[in-house]
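Worksheet for the structure shown next.
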Amino acid sequence: MLQENNNCVIDTEMRDIMGKSVYIAEKPSVAQEFAKALHVNFTRKDGYLEGGDHIVTWCVGHLVTMSYPDAYDPNLKRWSFDTLPFIPKEFKYEVIPAVAKQFNIVKDILTRDDVEYIYVCTDSGREGEYIYRLVEQMIGVKNKDRKRVWIDSQTEEEIQRGIREAKDEKEYDSLADSAYLRAKEDYLIGINFSRLLSIIYGKKVAKEINEEKASISIGRVMTCVLGMVVSREREIRNFVKTKYYKIIGEFGNDDGTFKAEWKVNDKSKMFESTKLYNESGFKKEEDAKEFIKGLAGKKAIITELKKSKQKENAPLLFNLAEIQNECTKRFKIKPDETLEIIQNLYEKKLVTYPRTDARVISTAVAKVITKNLNGIAKGFKDEEIQQYLKKMSQEKYSTDLLKTKYVNDSKITDHYALIPTGQGFENYDKLPDLQKNVYRLIVKRFLAIFYPPAEYNKVSVTIEVENGQNKEEFSCSGKVCLNPGYLEALKGKSTESTQNVDKTQENADDEVDSLAILAELKKGKEVDVINYETKEAQTNPPTRYNSGSMILAMENAGKLIEDEELREQIKGAGIGTSATRAEIMKKLERIQYIQINDKTQIITPTQKGEIIYDIVNNSMPDMLNPKLTASWEKGLDMVAKKEIQSDEFMGKLEKYIHSKFNRLVVKY
């Protein structure tokens, strides 16, 4: 058990044991936070800190990587059919030359005779686990008691809890298995299919892009994302805009007028007519005008009137994908920039772990959530945020979240949602403005869940107009906000640069007037017909992905679902992980398969990207299918959860590679 004694945190269970404890973090800055949390008088040495029975050291990201094929056999450096597919029985690994010095420091520490305990403090996720396991494997660590520290933020109390509750590293073996398999899968698909397609089609690509030679880069996730971008671009390119004509009726009484739109129904004269483009529009304007003539002088009766009050709760909390999408919309920055910002906020103790898929918090966190709120109230000197907190206090808003949609243990895997810790404010003033704005965005989303629902009045009206033996229907609805509720905290009087904010109040006065008129109507009563007119409309092509909406589409296996609540409900296996999606887009841009507009963040394919897409589509089209990529990701998740064995996953992967080669080589 960890306890403080003379300003030093010591482990009472190790009191009488001579062995030292090593804490190995993923990077130097994180190691520094662990050192502070231990309250030990450390001496700084080359690549580590040491004090008493404690040693803190670090990786610098990956220290070890998988070896290229020529490390197995120099002949494999040359790309040829004869050496493919390349599937080694045992994989080779090597120390990355640029960080060899730090690897050797870590190696010396972990193999010291006086070291008995190793606390694995790399990032609490699949990739963090992989970083440590590679180091341990390369060193050949033996006869040490290994513990896993799993934390959700870098606050001192959370680090101390993580050390105190550290589990045996063996409990994370299945997560490590999943991490190794993910790397092997990416390696085997990347090397084998990049080489194969380059051998077959490289000269063709080079000729089309006017280069001397060209290689083709294939990736399990990367190629799928390229497919999504090119497919969408071609949908837009091939889209033909079609005009059609709606009919708008203006109705009213002495109190005022309102407009309603015609829509075909089974009693309509136009039911199943070939003159219609869709249920509310005509193909030709003259047909629409001719239809209007038939309505002249006919009575208009209110046949349906629905009045309701609607309540709308605050959205769920941010996960990484949602905050990346929001930052792309608001600040026009790329997802990898957002991740970099939030990673920095995490390391500055301001927010919880960034690489999370969850949008809810755990029951345990919900029970102590007032710590976060009180921390913000006492430490965050932001006038707008303080006003929201003051209102929460004055109105006595509940802070009990336990029975709300924001708490759900079953929807949390590694980490809960991204929320402010209520700490780290000593670091806030030094942050660049953009990072401050991103932090405020997270705080406001967090505070919104404690506010009451937004309340609306809604009125829906259906008007029936006789048309000979037929009956035509016009309908409209109005909605006005009675109480902004959570919107006050979420939207607020934001000072941040928001070039793409919804203008919800633009037509507010007109909406209120219209609603007032609709609310006074009576079912069964006649209303005056003021006018009928045609209104030109047209079909629109699908929108291009931007870098934020692509992240959401990847999270939902290729489907871009605009509705936030629905997005959360159907979320399943995604493409890539929260930790890798931004980097995949960055790579596609770097190898010039896609381009991302710096101002709008709109993604379009390059000529080269489209050529690669066509090659893959003609040779192995399932690599472009998000469902296949998502199924591989699901398989990795099943390994991590011990639902299937590593051997089963690896067997299916090897079978897939062999089957593709057999078809492609024969075809070639």
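Some observations on this one:
- Alpha-carbon centroids, the stretch 341-360 and the stretch 594-634: separation in whole Å: 29 Å
- Think of the stretch 273-381 as a dipole: +1 on every Lys or Arg Cβ, -1 on every Asp or Glu Cβ, centred on the Cα centre; then among L339, F291, L317, L317 lies furthest on the positive end.
- The angle between the Cα long axis of helix 433-448 and the longest principal axis of the Cα atoms of the chain comes to about 70 degrees, rounded to the nearest 10.
- The slack between Q137 and A364, meaning 0.36 nm per residue of separation minus the straight C-alpha distance, is 78.2 nm.
- The relative contact order of the chain, computed from alpha carbon pairs under 8 Å that lie at least 6 residues apart in sequence, is 17 percent.
- Accessible-area order (highest first, 1.4 angstrom probe) of the listed residues C476, C327: C476, C327
- 0 to 90° range, to nearest 10: angle between helix 335-347 axis and the chain longest Cα axis: 60 degrees
- Cα-based helix-to-principal-axis angle, 126-139 vs the chain, degrees rounded to 10: 20 degrees
- Residue-averaged 222 nm ellipticity for the chain, from DSSP H runs of 4+ at -39500 (n - 2.57), nearest 500: -12500 deg cm²/dmol
- All aspartates and glutamates inside 14 Å of K491 as judged from Cα atoms, apart from same-chain residues fewer than 8 positions distant: E326, E384, D502
- Label zone at D598, where the point sits 7 Å out along the Cα-to-Cβ direction: the stretch 420-451 residues whose backbone N lies under 18 Å: 434
- Phi angles across the stretch 96-104 convert, under the Karplus curve 6.51 cos²θ - 1.76 cosθ + 1.60 with θ = phi - 60°, into 3J(HN,Hα) values of 6, x, 5, 10, 4, 4, 5, 4, 5 Hz, Gly and Pro given as x.
- Of the cross-linked pairs K293/K523; K45/K444; K334/K535; K403/K523; K203/K334, those separated by over 31 Å at the C-alpha level are K45/K444; K334/K535; K403/K523; K203/K334.
- For H54, the residues 5 or more places off, or on other chains, whose built amide H falls under 5 Å of its own are S21.
- Solvent-accessible area per residue in the chain equals 49 Å², computed with a 1.4 angstrom probe and all protein chains kept.
- Long-range HN-HN contacts of Y119 with modeled amide H, under 5 Å: V22, Y23, I24, K147
- Segment A71-N41, length gained on full extension (0.36 nm per residue, minus Cα span): 6.4 nm
- The simple spin-label model puts a point 7 Å past each Cα toward its Cβ; for N467 and K641 those points are separated by 5.3 nm.
- Global form of the stretch 140-272, assessed from the alpha-carbon gyration tensor, a/c cut-off 1.5: oblate
- For H62 and E455, a Förster radius of 51 Å and the Cβ-Cβ distance give a FRET efficiency of 0.50, rounded to the nearest 0.05.
- Here the Karplus relation 6.51 cos²θ - 1.76 cosθ + 1.60, evaluated at θ = phi - 60°, turns the backbone of the stretch 384-399 into coupling constants of 5, 4, 5, 5, 5, 5, 5, 5, 4, 6, 5, 8, 6, 5, 5, 9 Hz, with x for every Gly and Pro.
- Whether the chain is rounded, prolate or oblate, judged on the alpha carbon gyration tensor where a/c under 1.5 counts as rounded: oblate
- Look at the Cα gyration tensor of the stretch 369-446: its axes a ≥ b ≥ c give a/c of at least 1.5 with a/b at or below b/c, and that counts as oblate.
- In the chain, the portion of solvent-accessible area held by carbon and sulfur atoms comes to 45 percent [1.4 Å probe, whole percent, DNA, RNA and ligands not counted].
- Put the Cα centre of the stretch 152-213 next to the Cα centre of the stretch 373-395 and the gap is 42 Å.
The values are calculated or read from the model by the stated rules, or taken from the named source; none is laboratory data. Since the structure is predicted, the reported quantities are computational estimates derived from the model, not experimental observations. Quick reminder, even Gly has a Cβ in these numbers, built from the backbone with ideal geometry, and neighbours come from all protein chains shown. Accessible surface is based on the protein model in full, side chains and every heavy atom, while ligands, DNA and RNA are left aside. Shrake-Rupley method; radii C 1.70, N 1.55, O 1.52, S 1.80 Å.
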